[in-house]
Amino acid sequence: ERAIDGVQPGFIVIGADANVGKTGLLISFATDIIKSNDNAFVIFVSGDDVKETILTRMIANVGNTTKINNIKKLGYYQNDTKEIKNIHNAIATTEQKICNKIAIYDTQSIPDFSYIEIAIQAHKQEGREIVICIDALLNLEVDKKSLEVRMENERRAVLSKNLVKKHKVPVITTAELKKPTSKGKEDSKPTIHDIAETRKYSFEADVILLLRNKNNTDTKTEIESIEIICDIAKNKLSHIRKEVEMDYFITRSFLKESNSNETGSVKQKEQEQVRTKKETVIKYPNKY
C-alpha cells in the first residue's frame, strides 16, 4: 500500500516459484482491501484452485483462529468442542468482514477473459469500486483458437492491461517464474524477465513484485511459516523500488511484513493465537 501510494488502477504482477506464497499474498491483498474500504468489491478469479479451496483459505486468513485443513475437516472434530468453536468463529468473522464484498470464481465459471468482462459489468452496476485479482493467470484461457504458448501468454498480458485501461481498475495477478536452465541459477535472484514464457509482462505491468524464499527453506518440511523477500522490481505507480522482508504463514494463507506487530505476536505465541490483536486499518486513498 505504501509502495504504490494506495490501491489505484494498474496492472500488478506477483511472480514467484511454486510454494513461495503468491496465492497467500494475493489473498492477503484481497481481504485487506475489503476490510479497509467500505465500497471496495473484489472479483477473485482462480486459474488453479476450485472456488471452495480459495474460500477456505480466505476463512483461515480472515478468521485468525484456525488452520486451513482444520476448516476442511470440520466434520471430524465432533469431540473437540474448542476447535469446532474456533472454526465457526472464523466462518462468522469472515462473513461479517467480507460477505457481499467479494465474488470468487474458478475456471468452471470463468474459463476465459471474456467472462471477466461480464463479471466487471455486473458488479459495476452495483456502484462498487472494483478490484480484480487473478490467481495463476497463465492457466486462464485467452482464445478459443489454439495459439503457441508464448503468444498465448503475450495475449494474457495485453488483456490484463486492457482491463486496467478500459475499466480503470486495479488488476493484481500471480504468475510462475521460468524454471532454471543452468546449474547455479536455482539460487540466483529472480528478475522481471523470469516470468514464465514471455517478457511481455515486464513491458505491460505497472508493478512487478518478485517473491523468493529468504533462506531457501524447504517448503516441503513441517514448518508452518517461512521468511520471504518481496522485491518491488518494477514500479510505475510511485517512486519506491526496494525489497521488503515478509513472513508467510502457510497454514493460514497470509503474509505480513516481518517488522509488523502482528507478525511478532504470531512468532511469540507459535502461531496458536495468530492475529488475535486488532487489525491495523490500512488507509487507502478515497478512490479505493
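Structure data summary
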{"read-out": "Single condition Ala18 does not satisfy, out of (1) of a type in the set (A, V, I, L, M); (2) at pLDDT below 90; (3) within 21 Å of Asp206 (Cα to Cα)", "value": "(3)"}
{"read-out": "Residues being open to solvent by 10 Å² or more (accessible area, probe 1.4 Å), over 17 Å from Tyr105 (Cα atoms) and in contact (Cβ under 8 Å) with a residue 40 or more places away in the chain - total across the range 30-64", "value": "6"}
{"read-out": "Of the criteria (1) touching a residue at least 40 places away in the same chain (Cβ under 8 Å); (2) over 26 Å from Arg199 (Cβ atoms); (3) in a helix (DSSP H, G or I); (4) open to solvent by 10 Å² or more (accessible area, probe 1.4 Å), which one Leu138 fails", "value": "(2)"}
{"read-out": "Test: Ile120 is outside any helix (DSSP H, G or I) and open to solvent by less than 50 Å² (accessible area, probe 1.4 Å)", "value": "no"}
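Residues are listed down the side, and each one gets a yes or a no for (1) at pLDDT 90 or above; (2) of a type in the set (Ser, Thr, Tyr); (3) touching a Lys or Arg at 6+ places or on another chain (Cβ under 6 Å); (4) closer than 17 Å to Ile12 by Cα:
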| site | (1), (2), (3), (4) |
| --- | --- |
| Val169 | yes, no, no, yes |
| Glu176 | no, no, no, yes |
| Thr198 | no, yes, yes, yes |
| Asn215 | no, no, no, no |
| Glu224 | no, no, no, no |
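The values are calculated or read from the model by the stated rules, or taken from the named source; none is laboratory data. Source: prediction; values computed, not measured. Reconstructed Cβ throughout: ideal geometry from the backbone, glycine too, with neighbour counts over all protein chains shown. Calculation scope for accessible area: heavy atoms of the full protein, side chains included, ligands and nucleic acids excluded. Shrake-Rupley method; radii C 1.70, N 1.55, O 1.52, S 1.80 Å.
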